[in-house]
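A.B. asks: Here you go, one structure.
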Amino acid sequence: MSMPIAFYICLTLILFIFSGTDGYFHHRLVQCRYSSKDLHGIEFIDSYVFNKAEYIRFNSTVGRYVGYTELGVKNAEAWNKGPQLGQEQAELERFCKPNAALHYRAILDKTVEPHVRLSSVTPPSGRHPAMLMCSAYDFYPKQIRVTWLRDGREVKSDVTSTEELANGDWYYQIHSHLEYTPKSGEKISCMVEHISLTEPMMYHWDPSLPEAERNKIAIGASGLVLGTILALAGLIYYKKKSSGEVISV
Ligand SMILES: *[C@@H]1O[C@H](CO)[C@@H](O)[C@H](O)[C@H]1NC(C)=O
């Protein structure tokens, strides 16, 4: 399984302009994009964004500015003739390449194993009466593969998955669902492949009741036993007492 690593080091320059209660938001996003440790495919991107619309971008692979709005196109035309262009073209060598080793050591080389939980969930009313969810939490980097196996063979139909969702703390989570019709004796497993794992991890579905359900049943049964004992004790006590009274008379 190949795991491309993409990473962006971002510098953001932000400018707010407020007029009354409405605001304008201008920002500039500078990225070094690394896709391989040998720096193959490295890119420098410099984006200018007004409100949420990017209007001009320098892309080191393209080698010049490209505009996306009327203003952007005008600026691109001017900036591609001006002294900024040479500076932008030099940033890849000056900034991105010398910092690559640092970023790989600090972040990109790190891997964190997912925590995986397999659970039964309510299916959306559909073709199948049952649904399992395989959730992988807190892994890094983002790339992951979650697949379902039924008696050792990969299941492709009736499988849906979320994207890899960013927690916002560098880690990711993903949730894959399998809708199915249970068959007795079959074995359903969720397989997780991630760069942090030396081999794919398998999680087998145990169709017996989940622990919470077992606990509820155990508590209920204990209550029943305790109640029966108390009732019997009361009954015996009552009988003894009433028969004793009869004798003493
Ligand atoms: C930069 O330009 C190249 C060549 O057109 C393109 O493949 C790449 O996706 C662009 N990168 C970004 C971040 O837009």
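A.B. asks: Could you say which residue among Ile144, Ile188 is modelled with pLDDT of 95 or more and within 18 Å of the chain's Cα centre (by Cα)? Let's see the steps before the verdict.
C.D. replies: On the way: Ile188 fails: within 18 Å of the chain's Cα centre (by Cα).
Going through Ile144, Ile188 in turn, just one is modelled with pLDDT of 95 or more and within 18 Å of the chain's Cα centre (by Cα): Ile144.
A.B. asks: Can you find even one residue in segment 64-86 that is open to solvent by 60 Å² or more (accessible area, probe 1.4 Å) and either in contact with a His (Cβ under 9 Å, 6 or more places away or on another chain) or closer than 25 Å to Lys142 by Cβ (or both)?
C.D. replies: No.
A.B. asks: Just the residues that are in contact (Cβ under 8 Å) with a residue 40 or more places away in the chain and part of a strand (DSSP E or B), please, taken from segment 137-172.
C.D. replies: Scanning segment 137-172 gives Phe139, Tyr140, Arg145, Val146, Thr147, Trp148, Leu149.
A.B. asks: If you go through segment 110-125 one residue at a time, do you hit one that is more than 30 Å from Lys187 (Cβ to Cβ) and not acidic (Asp, Glu)?
C.D. replies: Yes, there is a match, as at least one residue in segment 110-125 is more than 30 Å from Lys187 (Cβ to Cβ) and not acidic (Asp, Glu).
A.B. asks: Can I ask one more? Looking at Glu77, Glu88 in this structure, which one is within 16 Å of the ligand (Cβ to nearest atom), assigned to a helix (DSSP H, G or I) and touching a strand residue (DSSP E or B) at 6+ places or on another chain (Cβ under 8 Å)?
C.D. replies: Of the residues listed, the single one that is within 16 Å of the ligand (Cβ to nearest atom), assigned to a helix (DSSP H, G or I) and touching a strand residue (DSSP E or B) at 6+ places or on another chain (Cβ under 8 Å) is Glu88.
A.B. asks: Only one of these is modelled with pLDDT under 95, away from the ligand (no atom under 16 Å from the Cβ), open to solvent by 70 Å² or more (accessible area, probe 1.4 Å) and outside any loop (DSSP other than H, G, I, E, B): Arg105, Arg94, Arg117. Name it.
C.D. replies: Of Arg105, Arg94, Arg117, the one residue that is modelled with pLDDT under 95, away from the ligand (no atom under 16 Å from the Cβ), open to solvent by 70 Å² or more (accessible area, probe 1.4 Å) and outside any loop (DSSP other than H, G, I, E, B) is Arg105.
A.B. asks: Among the residues of segment 120-136, what is the count of those that are open to solvent by less than 60 Å² (accessible area, probe 1.4 Å) and either modelled with pLDDT of 95 or more or assigned to a strand (DSSP E or B) (or both)?
C.D. replies: Matching residues across segment 120-136 total 8.
A.B. asks: Please go through segment 19-48 and pick out each residue that is touching a residue at least 24 places away in the same chain (Cβ under 8 Å) and among the hydroxyl-bearing types (Ser, Thr, Tyr).
C.D. replies: Tyr24, Tyr34, Ser35, Ser36, Tyr48
A.B. asks: For residues in segment 45-68 being within 17 Å of Gln84 (Cα to Cα) and touching a Lys or Arg at 6+ places or on another chain (Cβ under 8 Å), which is nearest to the ligand (Cβ to nearest atom)?
C.D. replies: Residue satisfying both the conditions and the ranking: Ile45.
The values are calculated or read from the model by the stated rules, or taken from the named source; none is laboratory data. Because the structure is a prediction, the values reported are computed rather than measured. As a convention, Cβ positions derive from the backbone with ideal geometry for all residues, glycine included, and neighbour counts pool all protein chains shown. In case anyone asks, the SASA skips ligands and DNA or RNA and just uses the protein heavy atoms, side chains included. Shrake-Rupley method; radii C 1.70, N 1.55, O 1.52, S 1.80 Å.
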